[in-house]
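Participant: Have a look at this one before I ask anything.
The values are calculated or read from the model by the stated rules, or taken from the named source; none is laboratory data. These numbers were taken from a predicted model, which means no experiment stands behind them. So basically every Cβ, Gly included, is an ideal-geometry build from the backbone, and we count neighbours across all protein chains shown.
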Amino acid sequence: MLPAMAATPRIAIVGPGRLGRAFTLELRQAGYTISEIVSRNTAASRRKACDLARKVEAHATTVDNAHLDADLVWFCVPDREIAAVSRRLASVGVWKKKIGFHSSGALASNELKALRQRGAAVASVHPMMTFVSGSIPSLKGVPFAVEGDATAVRAARQIVKHLGGEAFTIRQQHKAAYHAWGAFASPLLIAALVTAEQLACKAGLSATQARKKMLPIVRQTIANYEALGPAGAFSGPIVRGDAAIVGKHLRVLRKVPQARDVYLALARAALRYLPVRNRARLKKALEL
């Protein structure tokens, strides 16, 4: 078994994109030394790495000339590239007694098996958080799903604690379900909201107006969900059992078929998972 790692290991970040940038800045703020930012050997990627490296006083390298003399190497590349990039970098330096992380939500730590074969301990360390251009979210209170080799998992838990997050164990066989859960919590939530914008347009508003006017009810709904749970936060004609109004919705939604499909799917989920009145009449209305 590998020995325990120092409380604040030197960290190399592979991938200067949205996730790598957020991790780099948060880790530096938490007191970690970032030794290196490794990018692809393209002009755009090198530019991102150089900009990020300047902010944290690190070296900017590429996969062609990486040093990887850090204690811990954190792969922040797209899921489809993790295994290939780790295989390519497995021949760089000595991996014995080092730790490798990747941050795929759907893939297990085995994606880094090339590093494990060279003597490293590896883990997948995924934050349940959204990362988009132009926004660096705080990681305080963010849950991190962690699985992998014991030494790497211990290191991950310590780092997550320093970042203000909350690490929890995920089994390899549960990662796809875990990641799909996250999809409902953020990207598919956005898909539902942009679908709502299409309905607002049928009501005579622009998409911009719709976004602005939806925000108060969206914010209150999330606040209610947090404070009262799903049943307490659920409102509208379905919870009241008003099948006639649901029928009116479905008739106007014929003008926007994709929105109708989304409405039907979510309304049927409500009937399955939430307390509603007049369930039989609602179910009949949703079968029209």
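Participant: All but one of (1) under 23 Å from Ala106 (Cβ atoms); (2) assigned by TED's automatic domain parsing to the domain that holds Leu19; (3) without any contact (Cβ under 8 Å) to a residue 40 or more places away in the chain hold for Ile190, so report the exception by its number.
Facilitator: Tallying (1) under 23 Å from Ala106 (Cβ atoms); (2) assigned by TED's automatic domain parsing to the domain that holds Leu19; (3) without any contact (Cβ under 8 Å) to a residue 40 or more places away in the chain, Ile190 fails exactly one: (2).
Participant: Which members of the stretch 251-288 meet the condition of being assigned to a helix (DSSP H, G or I), over 29 Å from the mean Cα position of the chain (by Cα) and buried (at least 16 other Cβ atoms within 10 Å of the Cβ)?
Facilitator: Leu253, Leu282, Ala285, Leu286
Participant: While we're looking at this one, here's another question. Of (1) closer than 26 Å to Asp149 by Cβ; (2) over 17 Å from the mean Cα position of the chain (by Cα), Ser39 satisfies all except one. Which?
Facilitator: Of the numbered conditions (1) closer than 26 Å to Asp149 by Cβ; (2) over 17 Å from the mean Cα position of the chain (by Cα), the odd one out for Ser39 is (1).
Participant: Also, quick follow-up: Just one of the numbered conditions (1) outside any helix (DSSP H, G or I); (2) polar (S, T, N, Q); (3) touching a residue at least 12 places away in the same chain (Cβ under 8 Å) is not true of Ser45; which one?
Facilitator: Ser45 satisfies every listed condition except (1).
Participant: Against the conditions (1) free of Cβ contacts under 8 Å to residues at least 40 places away in the same chain; (2) more than 22 Å from Ala185 (Cα to Cα), where does Ala243 fall short? Just the number, please.
Facilitator: If we test Ala243 against (1) free of Cβ contacts under 8 Å to residues at least 40 places away in the same chain; (2) more than 22 Å from Ala185 (Cα to Cα), just (1) comes out false.
Participant: Additional query: Inspect all residues belonging to the stretch 170-185 and state whether any of them is over 13 Å from the mean Cα position of the chain (by Cα) and surrounded by 18 or more Cβ atoms within 10 Å (Cβ to Cβ).
Facilitator: Yes.
Participant: Another question, then. So, Arg240, is that one surrounded by 12 or more Cβ atoms within 10 Å (Cβ to Cβ) and either touching a Phe, Trp or Tyr at 6+ places or on another chain (Cβ under 6 Å) or in the same structural domain as Gln220 (by TED's automatic domain parsing) (or both) or not?
Facilitator: Criteria met by Arg240.
Participant: Scan the stretch 144-162 for residues that are within 19 Å of the chain's Cα centre (by Cα) and surrounded by fewer than 17 Cβ atoms within 10 Å (Cβ to Cβ) and jot them down.
Facilitator: Within the stretch 144-162, just Lys161 meets the criteria.
Participant: Oh, and also: Could you check the stretch 111-135 and list, in sequence order, the residues that are surrounded by 15 or more Cβ atoms within 10 Å (Cβ to Cβ) and under 22 Å from the mean Cα position of the chain (by Cα)? Walk me through it before giving the result.
Facilitator: Taking the stretch 111-135 first, the residues surrounded by 15 or more Cβ atoms within 10 Å (Cβ to Cβ) are 111-116, 118, 120-129, 131.
Within the stretch 111-135, Glu111, Leu112, Val122, Ala123, Ser124, Val125, His126, Pro127, Met128, Met129, Phe131 meet the criteria.
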